[in-house]
Amino acid sequence: MALPDAIFRNAIDLNRYGNKVSTDVAKRFVDICVRSVQELSVLDRRGLGDSYRAARLRSIVAQMEKSLGGWKKYANKHVIKELQGLAKVEAGFIEDQLQKVIPRGIRKNIQVNGVEISPKFAENIVSVDPTKIRSRAVGRQLAGFLGETSLSDAIGANMTLPNGNIVQDAFDKIADGSVQLFRTTVQDGLATGETTPQMTRRLLGNSKENDTANILQMSQKGGLLTTPPINQVRTLVRTSINQVANSAALTVYQANSDITKKYRYTATLDSRTTAVCGALDGRIFDYEKGPKPPQHFNCRSTVVPEIDYENLPFDPPPTARKRATADGPMSADTDYASWLYMQPNKIQAQVLGGQFNKETNKFEGSFRYFQRLAGRDDPRTALAKFVRADGSRVTLAQLKSRYGKPDNIPIVRIPVAEVAKVAPRKAAALTYAPTVQPKIAVSRGKDIAGGRLTKLDGYRKDYKKLLRQHTEVREELNGIHGKMNRTKDMAKWRALNETRDPLILRKNKLRADIDRIDKQGFQEMFELRKEAIAASSITRSEAREAIGKMKFVGFREGRERIKEELEEFAVMFNGGGIVKNGRKIKGRPNKISTVRVANGRAHNANQGDGTSLIKVPNKSGGYFGEDDAKATLFHEAAHSLEGQSEKNVAMAVAFRNNRAKSLTPVNPKGLKGTISDGYYLREAVIRDTFISPYVGRPYRTTGRDITKLPKGVDVGEVYDEATEVISMGAEHFSDPENMFRLYQADPEHFFMILSLTRTIY
């Protein structure tokens, strides 16, 4: 297991350890509270005078106070003891992991320095009052107040415990506050005539008096006496464990500064991660100069060392290829901001603030600024603007003050005339789409392929090798046949014939091997395709219902076939463009409302009301060739899938532009690849080795033929609200064979489309 992998795994184990320690402490607390509540039953006895009941209540409170006094001593001693033991274990664990980085053969020359953990290490770490420590440098740069994105000069805050208290003080306040709450609740209840069961319900919630076995469930019962303290204890213990573990790790890293030169801040990729940790995720800092986890209560972030391989006499070991996320493993170089950018509105709203407005039928709130800023700059820069100087969140009012309405934030587009001046390969940095987005999608696609990835890669390599050999043998045979046709010497002819025969056998053998690999690849794609349909977020009945509301115009035959194929498309791509509505944006295809027979060319057209009309053939022969009407249907439907969100388009644009040899559109006729004569001459393309030059088609505000314009004439702005990237890829998902062909020709394109079977970006 590589070093980052082991540390990520250790972070998960620490969470489990924190649950165990907090449960031990909380269980004793709850037992005391329950016994005290049970004692209240004596107050229900008849014939007792007010003075006796008051005296009895004082006795119960005094006993509770005594018991909780013992509890807070135990809690403080127990937690500190556990934290101290944890510090030693973590230091030893990190030392072992650093040792594993060094190859066995040179461990005698390069040794890992051990660290002696002092008896007061943990106690000193968790006794820091975070309210007295400010991290303005972090906040300023993180929030972009100075227009900077680097955090290399930042000084981190050492945040830990609730209300800025050390561990002992925190337990004292929990105990003292609980005694006071118990006393006032009972006194008020007696004064207002509440029964003991009523007071019990207020104090313990919906739990039974003796039902304390499951502390987590107990914390969710809503009892005033139990729920807040249990959550406080869990927060206290978890945060302290995170702080001690990371402090111990950093102590070992710094003691081995000849091996580790810096550290990487690593957050958890899920919806519970805060904006501050999300903005810090993946950033690299010098020791004593960067922020350290925890940055807030219940923080789950960790630190990973950056090994100084440049100055070490050995190559890097295998690094982590995956990071755990709520959606499954993703590439290890995926940062939190990029992960968040590809999440649905619901998740972004949960993390950054926002809600669904039933009146407008839209999600609204702070997260919309993140979406627009990410489109203008990049996800990481955008997320940084959500954090203030003190590490707290920027409010919605502040965002409105800085940027106005979200839609006022421009999304950068490149005019073709400007693009032509940009040097090849460097132009991609100027595109409005976040450059990391296609990488994330490709990584997500590989994760979906899972265990089949190795097989598919093997098939692809073998196929290319065999095809190359088959081509060589065929060319050699053609040469021999030419010589046989030209020679008049029977002896030479017979000699050539003898040479030819084994080549024919080899050619046939290679052809059989190619066919075998084809069948194996088709089968893997069949299974992948079946899994994509099975994993859909919508059902076939939902897809069928949406398709049933569409208008079908001009069909004398093929209507039911098209409905079935649209249903298949909808389920495969989670309803995008068919069941689900996208945002109404001028010029962009959206949810399909009408399907019309194509008398000529198939296409997808925005009708201006937030819906799309698609024209498709109604016979077996599609526009792209024989028996491919289904591929044509998938192609046109995929335009509406792309139009589902701005992020889909951003991903497609970035994929196209980042690979382009030049962003200057050219006439596709002279390019290598098949472009049907049915395409208009004005459909110029951006050059690259795509599966077809048509993948690189940009959409522009003008329909003029750019190949016939005089030099220097403005050809109009590239209109990147739509592309042919997703549509050209998705048409291959109409059947397993085409899927395998796409994978063979362009794996990157294939995996990006495969990711859309799970996620609409």
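Worth a mention:
- Any hit, the range 741-750, residues being at pLDDT 85 or above, of a type in the set (D, E, K, R), within 25 Å of the chain's Cα centre (by Cα) and surrounded by fewer than 24 Cβ atoms within 10 Å (Cβ to Cβ): yes
- Among the residues listed as R559, R529, the single one being more than 30 Å from L456 (Cα to Cα) and not assigned by TED's automatic domain parsing to the domain that holds K362: R559
- Residue satisfying condition, being modelled with pLDDT under 85, among the aromatic types (F, W, Y) and surrounded by 12 or more Cβ atoms within 10 Å (Cβ to Cβ), within set F569, F526, F555, F573: F555
- Hey, I480 among the hydrophobic types (A, V, I, L, M, F, W, C) and in contact with a Leu (Cβ under 6 Å, 6 or more places away or on another chain) or not: yes
- So R264, is it at pLDDT 85 or above, outside any helix (DSSP H, G or I) and within 25 Å of the chain's Cα centre (by Cα): yes
- If the condition is being among the small types (G, A, S) and closer than 14 Å to I440 by Cα, then the range 733-755 contributes only S755.
- Of all the criteria given as (1) surrounded by fewer than 23 Cβ atoms within 10 Å (Cβ to Cβ); (2) touching a strand residue (DSSP E or B) at 6+ places or on another chain (Cβ under 8 Å); (3) small (G, A, S), the one not satisfied by S271 is (2).
- Applying a threshold of 7 Å to beta carbon distances and a minimum spacing of six or more residues, or different chains, the list of pairs starting in the range 64-89 at a residue that is closer than 22 Å to V244 by Cβ and ending at one that is of a type in the set (S, T, N, Q) reads N76/Q168; V79/S240; L83/S240.
- Filter result for the condition that a residue is in the same structural domain as P229 (by TED's automatic domain parsing), among the charged types (D, E, K, R), within 37 Å of the chain's Cα centre (by Cα) and part of a helix (DSSP H, G or I), over E95, E39, E65: E95
- If you check F526, F555 for being in a helix (DSSP H, G or I) and touching a residue at least 40 places away in the same chain (Cβ under 8 Å), only one passes: F526.
- Considered as a group, the residues in the range 534-552 that are outside any loop (DSSP other than H, G, I, E, B) and either touching a residue at least 60 places away in the same chain (Cβ under 8 Å) or of a type in the set (D, E) (or both) include one that is surrounded by the most Cβ atoms within 10 Å (Cβ to Cβ), and that residue is E542.
- Selection of the range 268-295 for residues being out of contact with any Asp or Glu (no Cβ under 8 Å at 6 or more places or on another chain) and at positive phi yields only E288.
- Breaking point among (1) modelled with pLDDT of 70 or more; (2) outside any strand (DSSP E or B); (3) buried (at least 16 other Cβ atoms within 10 Å of the Cβ), for I585: (1)
The values are calculated or read from the model by the stated rules, or taken from the named source; none is laboratory data. These numbers come from a predicted model, not from an experiment. Using ideal geometry, Cβ is built from the backbone for each residue, glycine included, and neighbour counts are taken over all protein chains shown.
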